Amino acid sequence: DTLLAGTEFNRITNGSVAKYWKNGLGIPLFDSTKVSVCTDMVMAGPDVYAVGYQWNGTANVAMLWKNGTQTMLTDGTHDAHARQVKVVGNDVYVVGYEKNDNYTVAKYWKNGAATTLSNGASNAEAFDIAVSGSDVYVVGGEYSFSTLVGVAMVWKNGVPTALSSGQQDATATQVAISGTDVLIAGVREPFVGSGTEESVLWKNGIMNSLSNGRSGWASQLVVSHGDVYVAGIHDDRRANYWKNGQEV
């Protein structure tokens, strides 16, 4: 079976519909008369898990769908988005954010129970999660009001660590664990005020540029048989990936 997660625009209702396609057959994840978006999907045995968000009339609600059956991760009081889903054993992890009265708060949910990662005093968002034994790694970004730029973040078991200095815009987008190594892909400004972003990879907190100062966006990270693959876009928006730092 081949499955694809995404969103389809409904011209009749003038809204988007969260869907997945199984062998080409589209399956709505929510009432097609409502506005909803699917951002990620994973298979675990025979089960299909998808995440995203839906509009309840006043706010977006972070959602998890298991085999098409929905679970609300937030109560709909404030805007919330679910970004990624991972299944580890019998546990289902979802990352994203929920707004408080003023700012977005980075969060993850384990089997529906929320863990707050940022303090809610500035905008923050979680983009990806990896689990290794009893350790939970979440990556994302947090806005610094002192420097007015984004700071790439990793939270290990809820404890925050900044990956960037806060002098240049940066965001962590993907995380993977390989043995004792923590690998994090993301983007940052090559220099202050450049207005562009380059693809980077942090290994155990040490940053290496993948696109060597040229514009890019690292959007996926996979470790396979000891090789590290980062996929994304580069320079003139062409699709590319890096294998162990070498661009393809």
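The values are calculated or read from the model by the stated rules, or taken from the named source; none is laboratory data. Bear in mind that the values here come from a model prediction, so they are computed numbers and not experimental data. Glycine also receives a Cβ, built like all others from the backbone with ideal geometry; neighbour counts cover every protein chain displayed. When the accessible area is computed, the model is the full protein with side chains, heavy atoms only, and any ligands, DNA or RNA have been set aside. Shrake-Rupley method; radii C 1.70, N 1.55, O 1.52, S 1.80 Å.
For the structure I just gave you, tell me whether Ala218 is under 16 Å from Trp155 (Cα atoms) and assigned to a strand (DSSP E or B).
no
Scanning region 17-56 for residues that are assigned to a strand (DSSP E or B) and more than 18 Å from Ala82 (Cα to Cα), which turns out farthest from the chain's Cα centre (by Cα)?
Leu25
Can you tell me which residues in region 57-80 are open to solvent by less than 40 Å² (accessible area, probe 1.4 Å), assigned to a strand (DSSP E or B) and under 23 Å from Asn102 (Cβ atoms)?
Asn60, Val61, Ala62, Ala80
Inspect region 14-29 for any residue being open to solvent by 30 Å² or more (accessible area, probe 1.4 Å) and either within 30 Å of Ser144 (Cβ to Cβ) or touching a residue at least 60 places away in the same chain (Cβ under 8 Å) (or both) and give the result as yes or no.
The answer is no, given that none of the residues of region 14-29 is open to solvent by 30 Å² or more (accessible area, probe 1.4 Å) and either within 30 Å of Ser144 (Cβ to Cβ) or touching a residue at least 60 places away in the same chain (Cβ under 8 Å) (or both).
Can you tell me how many residues within region 22-36 are at pLDDT 90 or above and out of contact with any Asp or Glu (no Cβ under 9 Å at 6 or more places or on another chain)?
Counting residues in region 22-36 that are at pLDDT 90 or above and out of contact with any Asp or Glu (no Cβ under 9 Å at 6 or more places or on another chain) gives 2.
I'd like to verify a number: residues in region 185-206 that are among the polar types (S, T, N, Q), over 16 Å from Gly166 (Cβ atoms) and outside any strand (DSSP E or B), how many?
2
Among what's in region 149-166 and is assigned to a loop (DSSP other than H, G, I, E, B) and over 21 Å from Gly213 (Cα atoms), pick the residue that is least open to solvent (accessible area, probe 1.4 Å).
Going through the qualifying residues, I end up with Gly158.
Being closer than 23 Å to Thr173 by Cβ and hydrophobic (A, V, I, L, M, F, W, C) is true for just one of Ala59, Ala114. Which residue is that?
Going through Ala59, Ala114 in turn, just one is closer than 23 Å to Thr173 by Cβ and hydrophobic (A, V, I, L, M, F, W, C): Ala114.
Can you tell me which of Ile206, Ile184 is closer than 21 Å to Val154 by Cβ and exposed (fewer than 11 other Cβ atoms within 10 Å of the Cβ)?
Checking each option against the conditions leaves just Ile206.
Consider Gly141 against the criteria (1) outside any strand (DSSP E or B); (2) crowded, with 19+ Cβ neighbours inside 10 Å: it satisfies all of them except one. Which criterion is unmet?
That leaves (1) as the condition not met.
In the list Asp169, Asp128, which residue meets the criterion of being within 27 Å of Ser194 (Cβ to Cβ), open to solvent by 50 Å² or more (accessible area, probe 1.4 Å) and out of contact with any helix residue (DSSP H, G or I) (no Cβ under 8 Å at 6 or more places or on another chain)?
Result: Asp169 is the single residue among Asp169, Asp128 that is within 27 Å of Ser194 (Cβ to Cβ), open to solvent by 50 Å² or more (accessible area, probe 1.4 Å) and out of contact with any helix residue (DSSP H, G or I) (no Cβ under 8 Å at 6 or more places or on another chain).
Looking only at region 81-125, count every residue that is polar (S, T, N, Q), in a loop (DSSP other than H, G, I, E, B), free of Cβ contacts under 8 Å to residues at least 40 places away in the same chain and open to solvent by less than 60 Å² (accessible area, probe 1.4 Å) and tell me the total.
Count: 2.
Tell me, yes or no, whether region 40-58 has at least one residue that is modelled with pLDDT of 95 or more, out of contact with any strand residue (DSSP E or B) (no Cβ under 8 Å at 6 or more places or on another chain) and among the polar types (S, T, N, Q).
No: region 40-58 contains no residue that is modelled with pLDDT of 95 or more, out of contact with any strand residue (DSSP E or B) (no Cβ under 8 Å at 6 or more places or on another chain) and among the polar types (S, T, N, Q).
Go through (1) over 24 Å from Tyr143 (Cα atoms); (2) polar (S, T, N, Q); (3) open to solvent by 40 Å² or more (accessible area, probe 1.4 Å) one by one and return the number of the condition Ser219 breaks.
Of the numbered conditions (1) over 24 Å from Tyr143 (Cα atoms); (2) polar (S, T, N, Q); (3) open to solvent by 40 Å² or more (accessible area, probe 1.4 Å), the odd one out for Ser219 is (1).
If you go through region 65-72 one residue at a time, do you hit one that is without any contact (Cβ under 8 Å) to a residue 24 or more places away in the chain and among the polar types (S, T, N, Q)?
yes
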